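> Let me begin by handing over the structure; questions about it come next.
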Amino acid sequence: MPSTRRTLALFLIGVAAAATSAAAQQPAPAAPPPYVDELPGMGRPIDTAATALRRAALLGRLGEAVAVIPAARERDVETDYIQDNDFRQSNTFFYFTQLEQPAAWLVLVAHSRGSGAGTASGAGAAGGPGARADSAILLLPDRVPAMERWTGVKLGPGELAQRLTGIAQVLSVTKLDSILAAQRARGVPVYAPADRYSAGLPAYERLRGDSTVNLHDLRPIVDSMRQVKDAAELAALRRAIAITDSAQRAVAASVEPGMFEYQVEAVLEGTFRDLGADRVGFPSIVGSGPNSTTLHYDVNRRRMNAGETVVVDIGAEYGQYTADVTRTFPVSGTFTPHQRAVYELVLATNQAVLDSVRPGITLARLNTIARDYMRTHSGTACDTVTCDRYFIHGVTHPIGMDVHDVGPMSVPLAPGMVITDEPGIYIPQEALGVRIEDDVLVTVSGHELLTASAPRTVAEIERAMQRTPAPVRRPGREE
Ligand SMILES: [Mn+2]
């Protein structure tokens, strides 16, 4: 589906199409093609208003300081053993730029004097007493057209980069050292993410090795900002979740005895890509029978049998944000009475947690609610013990750019946070696992169930699995 911000992209497609038809008659043009999101590796259009607000919010928290944020590096298909050979940006860099370019840097210069409104756009505020002069500097690698024959077109320093990113100062990354030297001369604290994206980069290691630099980890500050999602983040999450819900419906319509777990994986990941997901947010979990009791099983090689359950825990990633949705299906299309009793308990626990989600409550408290509910409502579903004994993981975590997103269990929920609700019961001796995982937005008045379009109740699951006409037996793997 087209996004709402297509005008610029459509304009640029026109430019690219004109350049392409001209190029067909001539040798390769001297000027490389323009940056458009439809070209490979170019990323999606940037919400420049959203990213400017995030930069301004960070600068407002930093006082007199400088933040130095590297992008992710390009990986090497010959040395990194990357099967998922696409570039994925550092979440911290993406949060402030939405730019999917490797080997870039963002330098944010914060001034604390006065309380006047600053600008994170890089233009700098007008002077005067009390005015701020915050600025953003984006540093991009210079383009190397010969390399782009291999790697695709990159966005280099220049006017186009300024327009697409909304950052007024876009310079060559060769200026990084002189910019950092000038900032070090100011003697202000330097904030950089102390993570795997920074580690090993010469510019970062020089900061770390210099005892005169007052270096701090930027991640805790950014991570705290990431807990409450803004409108642009929620739009990406909703789209990732809608795609994932569709994949669960596709799974429901295709699961049958004799099918292999990887064929379910093919159905759901095919749906992801068909609907525009960028990649999986995490390895797809398709665990049947005994594998349904392994929480992070993702080998997906087993043949499924009638009478078993299959746990399908999946998340499409869209625009750097990932869904996390689990459904459990009876392979034959109908739950046995015992499976149904376990399923109904998991669902009721899920509902008890959902009903409790509201501003002010903590994830730790939701965990307690889930365990208490399951323990006191077990009946005979788990024979002589209560079923919470087989509930061996937490009931919730935040989602966002990380599937297990940033944020402590102790933080009170606030509107704009998005969390999972995922009780489960895993009984190894019965080779029976059931997990039901929904994604929930915390709202001012309580919550919104974001995963409502995926079948959830026993009746909805069994109805979604009804197939007419009779399914065609899939060939599967040769044995
Ligand atoms: Mn989860």
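> Taking square-rooted eigenvalues a ≥ b ≥ c of the alpha carbon gyration tensor, is the stretch 262-398 rounded, prolate or oblate, where a/c under 1.5 means rounded and, failing that, a/b exceeding b/c means prolate?
The shape class here is oblate.
> Tally up the carbon and sulfur contribution to the accessible surface of the stretch 41-82 as a whole percent, 1.4 Å probe, everything protein left in place.
Reported share for carbon and sulfur atoms: 52 percent.
> Moving on to the next point. What is the sum of charges around G166, taking Lys and Arg as +1, Asp and Glu as -1, for the other residues whose C-beta is under 12 Å from the C-beta of G166?
On the way: positive: R54, R55, R163; negative: D47.
Net charge in that neighbourhood comes out at +2.
> Local charge sum around Y426 (other residues, Cβ-Cβ under 13 Å, Lys/Arg +1, Asp/Glu -1)?
Taking every other residue near Y426 into account, the sum is -2.
> Have a look at P283, S224, H296 and report the one farthest towards the positive end of the charge dipole of the stretch 219-365, computed about the Cα centre with Cβ charges (Lys/Arg +1, Asp/Glu -1).
About the Cα centre, the residue reaching furthest to the positive side is S224.
> Expected output is a single nm value to one decimal: the length gained when fully extending between D76 and L295, i.e. 0.36 nm times separation in residues minus the C-alpha distance. What is it?
75.7 nm
> How large is the convex hull of the Cα atoms of the stretch 248-319 per residue, expressed in Å³ as a whole number?
Cα-based convex hull of the stretch 248-319, divided per residue, equals 72 Å³.
> Under 14 Å from the Cβ of L295, count the other residues' Cβ atoms, weight Lys and Arg +1, Asp and Glu -1, and hand me the total.
So the environment of L295 carries a net charge of -4.
> Mind checking the per residue accessible area of the stretch 231-464 for me, 1.4 Å probe, whole number of Å²?
In whole numbers, the stretch 231-464 has 34 Å² accessible per residue.
> Could you work out how far the C-alpha centroid of the stretch 430-446 sits from that of the stretch 334-394, in angstrom?
With the stretch 430-446 and the stretch 334-394 each reduced to a Cα centre, they are spaced 10 Å.
> For the stretch 299-424, what % of the accessible area comes from carbon and sulfur atoms, probe 1.4 Å?
On the stretch 299-424, the fraction of accessible area on carbon and sulfur atoms equals 53 percent.
The values are calculated or read from the model by the stated rules, or taken from the named source; none is laboratory data. Owing to the predicted nature of the structure, the values given are computational and were not obtained by experimental measurement. Cβ sites come from the backbone with ideal geometry, for glycine too, and all protein chains shown count toward neighbours. Surface accessibility is based on the protein's heavy atoms, side chains included, excluding ligands, DNA and RNA. Shrake-Rupley method; radii C 1.70, N 1.55, O 1.52, S 1.80 Å.
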